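The values are calculated or read from the model by the stated rules, or taken from the named source; none is laboratory data. Just so you know, these numbers come straight off a predicted model, no measurement behind them. Here Cβ is always computed from backbone atoms with ideal geometry, including for glycine, and neighbour counts include all displayed protein chains. In case anyone asks, the SASA skips ligands and DNA or RNA and just uses the protein heavy atoms, side chains included. Shrake-Rupley method; radii C 1.70, N 1.55, O 1.52, S 1.80 Å.
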Amino acid sequence: MARSFSRLERIAEQIQKDLSLIIQRELKDPRLGMVTINSVRVSKDLGYADVYLTVLNIHNVDDDSAISESLGILDEAAGFLRSELSHAIKLRVMPQLRFH
């Protein structure tokens, strides 16, 4: 028997797919390492989307500083990423992005 997906799960999967493409193709920050989006969880009121990611350290720095720097870059670019997502996904309200 097929599992039925809720609307929030479908939105989270679509945000994950589109956000990974936007980060890969549109975000041009040389300090940002390779980022893999593991999962996205959307709140019930579509106010927030928690994005869980993994950072691959490509520079010769320690892992903690690479992670904190990548999270800082993504937090600064959250407005741009949110606007690009709103062009790709037609929702009344696009959730705020929080990176973890």
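Please specify each residue of segment 81-93 satisfying the condition of being touching a residue at least 24 places away in the same chain (Cβ under 8 Å) and surrounded by 12 or more Cβ atoms within 10 Å (Cβ to Cβ).
Of everything in segment 81-93, those that are touching a residue at least 24 places away in the same chain (Cβ under 8 Å) and surrounded by 12 or more Cβ atoms within 10 Å (Cβ to Cβ) turn out to be Leu81, Glu84, Leu85, Ala88, Ile89, Leu91.
Listed residues Ser86, Ser39, Ser65; which is assigned to a strand (DSSP E or B) and small (Gly, Ala, Ser)?
Ser39
Do you know which residues across segment 24-58 are out of contact with any Gly (no Cβ under 7 Å at 6 or more places or on another chain), more than 18 Å from Gln96 (Cα to Cα) and open to solvent by 60 Å² or more (accessible area, probe 1.4 Å)?
Gln24, Arg25, Glu26, Lys28, Pro30, Arg31, Met34, Thr36, Thr54
Just for segment 7-65: of the residues that are polar (S, T, N, Q) and either out of contact with any strand residue (DSSP E or B) (no Cβ under 7 Å at 6 or more places or on another chain) or at pLDDT below 90 (or both), which one is nearest to Pro95 (Cα to Cα)?
Ser43
Yes/no per residue for (1) within 12 Å of the chain's Cα centre (by Cα); (2) closer than 30 Å to Arg7 by Cβ:
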{"site": "Asp29", "(1), (2)": "no, no"}
{"site": "Thr36", "(1), (2)": "yes, yes"}
{"site": "Ser43", "(1), (2)": "no, yes"}
{"site": "Tyr52", "(1), (2)": "yes, yes"}
{"site": "Asn57", "(1), (2)": "no, no"}
{"site": "Val61", "(1), (2)": "no, no"}
{"site": "Leu81", "(1), (2)": "yes, yes"}
{"site": "Glu84", "(1), (2)": "yes, yes"}
{"site": "His87", "(1), (2)": "no, yes"}
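Identify, by number, the condition in (1) open to solvent by 50 Å² or more (accessible area, probe 1.4 Å); (2) in a helix (DSSP H, G or I); (3) without any contact (Cβ under 8 Å) to a residue 40 or more places away in the chain that Gly72 doesn't meet.
Only one criterion is unmet by Gly72, namely (1).
Which residues, counting only those in segment 10-43, are over 29 Å from Asp62 (Cβ atoms) and touching a residue at least 12 places away in the same chain (Cβ under 8 Å)?
From segment 10-43, those over 29 Å from Asp62 (Cβ atoms) are 10-15, 17-18, 21, 42-43; that's our starting set.
Residues satisfying the conditions are Ile11, Ala12, Glu13, Gln14, Ile15, Asp18, Val42, Ser43.
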